[in-house]
Each structure stands twice: as structure tokens, then as C-alpha cells.
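Laboratory data are not the source of any read-out in this text; all were calculated from the coordinates shown. Computed from a predicted model, the values in this text were never measured in an experiment. For neighbour counting, all protein chains shown are included, and Cβ atoms are generated from backbone atoms with ideal geometry for every residue, glycine included.
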Amino acid sequence: MNLDCSLLMDALRDDDPESLAAARAHAASCEACRLELQAWDAVSLAARGLHHEWESPSLWDRIAEALPARPSRLQIGGRTRLDWRLFASAAAVLLLTVASLWLVRRSAAPHQITAASRQFLTEQALREVHASEAAYVRSIDQLAKIAEPVLDQSPSPLIANYREKLTVLDAAIADLKDNLEHNRLNAHLSTELVSLYQEKQKTLQEVLQNAESSN
Amino acid sequence: MIGVAGLTLADTPVQTIQAAEKDLSGVQPEANTVPLGATQLAPDAEMAKLCLQGDRLGYERLYGAHGARMKSIAWNMLRNHQDAEDAVQETFLKVQRSIHTYNGRSSFSTWVYRVLVNTCTDVQRGRRRQIEELPENITGQETNVPLRIALQRALGRLSEKHRTVFLLAEVEGLAHSEIAAVLDIPLGTSKGWLFEARRELQRLLSEGDGAVLRRIK
């Protein structure tokens with residue numbers, strides 16, 4: 001890349017290694033540009049001297065003391081503030097569903113509803129829910145497979161950030177699933193898990209959209 | 001189980017899968033974008049994960065890896081040690097409060113620096129303490145001390161945007177892509193503001209009685 005005096009400022013504005021190298025090569029044989037670059041470099045050198053470090057032996061202790069202990073164990077995905085509303089809505093939906101099913105069954109066979117059949121209804125609802133959940137997770141896995149080549153091969157920092165986010169999400173999903181294994185009927189954990197799956201789906205979609213727009 | 005509300009078929013990504021089932025082999029890498037500490041993605045992800053889980057260890061690692069630089073940025077923006085430390089502490093609390101808003105578009109540390117810069121800007125607007133001068137012997141680097149002191153004063157005369165970009169780029173060594181993410185501006189704007197800041201600083205340092213830069217030339 002050749003450069004003359006009129007392009008020195010453009011090279012400095014571009015601020016990329018190639019332009020700066022060209023500017024320096026030109027300045028080697030041009031006194032005016034050499035002085036300009038010398039002043040430019042002097043400011044940079046002096047600026048580095050403004051980086052300021054000092055000992056703060058008590059700062060981390062202050063921060064640690066101010067940080068509430070593990071307050072956001074279940075804040076993953078930012079739904080905590082909405083959790084009570086989600087919980088209430090979901091509980092209402094579940095209640096209505098179970099009540100409707102119960103009424104339908106009762107009207108169909110009013111004298112045959114026993115404790116055992118109510119138990120069966122609950123189990124059936126659970127099975128349906130788990131089947132839906134499994135289908136949803138499978139579709140996300142399928143999406144992840146399609147996005148995998150982009151995530152693995154793209155050197156883009158944006159994709160690297162998506163990769164990082166997906167790692168965090170997968171870890172959080174695994175964590176929640178583990179908790180759910182021990183407490184299958186915990187509605188709060190289920191809601192959180194759904195939120196994480198939705199976030200993962202959204203992220204994978206963004207990865208693919210990004211790859212598509214880069215094409 | 002209550003989460004079933006979110007598990008309807010309407011939410012399955014079938015359409016996206018269908019749309020995506022095409023050749024993506026031509027994906028081009030993005031140019032000129034290197035995230036903050038690109039070589040530290042794994043520790044960054046680990047820190048983010050721990051912080052998301054509310055684990056104090058994540059914040060401790062964040063402080064260990066970035067605390068010194070955070071203090072330096074805060075000091076250069078606020079020019080008061082106590083204010084700088086308070087800003088760093090406030091940043092950690094804000095990070096904890098708003099960790100759920102971290103969307104992964106930038107690296108975790110870049111996001112933290114953004115919170116820090118915003119915190120310092122807020123402190124600047126309601127500041128009480130006095131401006132301090134940079135001690136002459138702080139860095140141990142063989143820099144031109146009169147120029148450094150003059151530069152520090154000249155920085156105070158720049159606009160906020162020019163000063164911030166200059167501090168992040170020239171003092172703290174952030175890349176333009178990182179600055180763009182921290183300040184939420186396009187990469188070209190970061191380059192433009194840095195160029196303007198340097199030109200203005202050169203002008204300020206070349207004029208008047210000080211004229212330290214004129215002496216260099």
C-alpha cells in the first residue's frame with residue numbers, strides 16, 4: 001500500500017495495522033509526516049502512562065459483603081420478577097384444565113369416578129405434558145444440529161459469543177433438570193426450565209439468521 | 001409441570017429448522033471484531049455461568065481478572081480513588097442485579113465494562129469529591145512525565161464521548177470492536193471519535209504556554 005502526505009490523516013483515522021504501517025513507511029522519507037507521527041506516538045505513549053493501579057486490600061471484602069448471598073439461584077433468564085405472575089397464570093391454567101377434565105369425566109360417568117380414576121387423570125395429564133416437552137426438546141436439539149457447523153467453524157466473535165451463551169444455557173438447563181429429577185412437581189423449576197429452553201431456541205435462531213445474513 | 005404453558009407446539013422451532021435447512025457453508029467471518037479478551041472466552045463463560053447461578057465465586061473471579069483494569073478506568077473517568085472504588089463496587093452490585101439482562105451478544109467482561117462506564121458517567125453527573133492529580137511515580141513506565149501531566153489535564157477539556165473513547169483505547173488498550181460494544185456504538189464511530197479525540201489533544205498540547213507537544217516536534 002503506497003501512501004502520500006495527503007493520505008496520512010486517513011491512515012491515522014482508519015487506525016488499522018496495514019494503514020499505520022503504510023503511514024510509517026511513508027514517514028521514513030517525509031520529514032513533515034515523520035514529525036506528525038512522532039507527536040501522534042508521543043500522545044499514545046503518554047496515554048499508556050495514565051493507566052493507574054493501586055492496592056485496595058479491602059475493596060473485594062467490601063464488594064463481597066455487599067453482594068447478597070446466592071440471591072439469584074433461579075434468576076436465570078431474567079424471569080424472576082415475572083415468576084409470581086407466571087406461576088399464578090400457569091397454576092390457574094392447570095387448575096382449569098384438571099377441573100374441566102374432571103367435570104367431563106364426571107358427566108360421562110358420574111357414578112364411576114373413584115380416587116383411582118382421578119389419579120389416572122393426573123397421570124395422564126402428566127404423560128401428555130412430558131410428551132409435549134420431549135417433542136419440544138427434540139425440535140430444539142434438531143435446531144442445534146443445524147446450527148452446529150456454524151457454531152463450530154465460524155471464527156466470528158459474534159458467533160463465539162453465541163457459543164458462550166449457549167454453553168451457559170446448557171449448563172443451566174442441565175442444572176435445572178437435575179433439580180427437577182428430585183422434585184418433579186415443582187412448578188417454579190418447570191417454569192424456569194421452559195424459559196431456558198425458549199432462550200436457547202431464540203439464540204439458535206439468531207445464530208442461523210446471522211449466518212444466513214452473512215451469506 | 002406448570003411450565004406446560006410454554007411447551008405448546010406453536011413454540012416449536014419447526015419453521016426455523018425448515019428455513020435453516022440450506023447450505024450455510026458460505027458463511028463469512030466478521031471482520032474487525034475481536035471480543036474483549038478473545039483468548040479468555042472460556043474463563044469469561046465460566047464467570048458468566050457462575051454469576052448467573054448467583055455464585056459468589058464468579059464475582060470473585062471477575063474481580064481477580066478485571067478488577068485492576070476496572071479501577072483504572074473508573075479512576076481515569078472520576079479522578080478520585082474513593083469514587084473509583086465506589087464505582088467498581090457499585091458495578092458489581094449492578095452486574096448482580098441485572099445479570100439476567102446479559103444477552104450474550106458481547107463477551108461477559110465487555111458487558112461488565114459497559115456497566116462500569118455507565119456507572120462512572122452517573123457518578124460524574126452527581127459528583128461531590130475533588131479531582132485528584134495522577135501521582136508522578138505510579139506506573140513505573142519511562143514516559144514523558146510533563147507530557148503525561150499535560151495530557152491528563154487536556155483530557156479534562158475533551159467532550160465526554162471523546163474522553164471515554166480515548167481512555168478505553170489509548171489508556172486501557174481496548175480494541176475498537178470492544179469499545180464499540182462497551183459504548184454501544186458502531187465500530188466506525190469508535191474509530192472516528194478516537195481520531196477526533198487525538199487531533200483535539202494534539203491541538204491542546206501544542207498551544208499555549210505549555211505546548212509540550214510542540215517541543216517534541
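Summary of computed values
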item	result
Square roots of five times the Cα gyration tensor eigenvalues for segment B:38-132, Å	24, 13, 11
Gain on full stretching of the segment that runs from A:LEU126 to A:LYS177 - 0.36 nm per residue minus C-alpha separation	16.7 nm
Estimated FRET transfer efficiency when R0 is 35 angstrom, pair B:GLN124-B:SER206 (beta carbons, to 0.05)	0.80
R0 of 30 Å, Cβ-Cβ distance B:ASP184-B:LEU93: FRET efficiency to nearest 0.05	0.90
Cβ-based exposure ranking for A:GLU212, B:GLU207, in which fewest neighbours within 10 Å come first	B:GLU207, A:GLU212
FRET efficiency, A:ASP170 to B:LYS161 (Cβ-Cβ, R0 51 Å, nearest 0.05)	0.85
Sorted by Cβ density within 10 Å, fewest first, the residues A:TRP40, A:TRP102	A:TRP102, A:TRP40
Approximate spin-label separation A:ARG48-A:GLU148, in nm, with each point projected 7 Å along Cα-to-Cβ	4.5
Contact order normalised by residue count of segment B:38-132, Cα under 8 Å, 6+ apart, percent	32
Global form of segment A:5-45, assessed from the alpha-carbon gyration tensor, a/c cut-off 1.5	oblate
Dipole magnitude (debye, nearest 20) for segment B:38-132, charges at Cβ of Lys, Arg, Asp, Glu	260
Above-threshold pairs, the threshold being 24 Å between Cα atoms, out of A:LYS145/A:LYS202; A:LYS177/A:LYS202; A:LYS202/B:LYS161; B:LYS71/B:LYS94; A:LYS177/A:LYS200	A:LYS202/B:LYS161
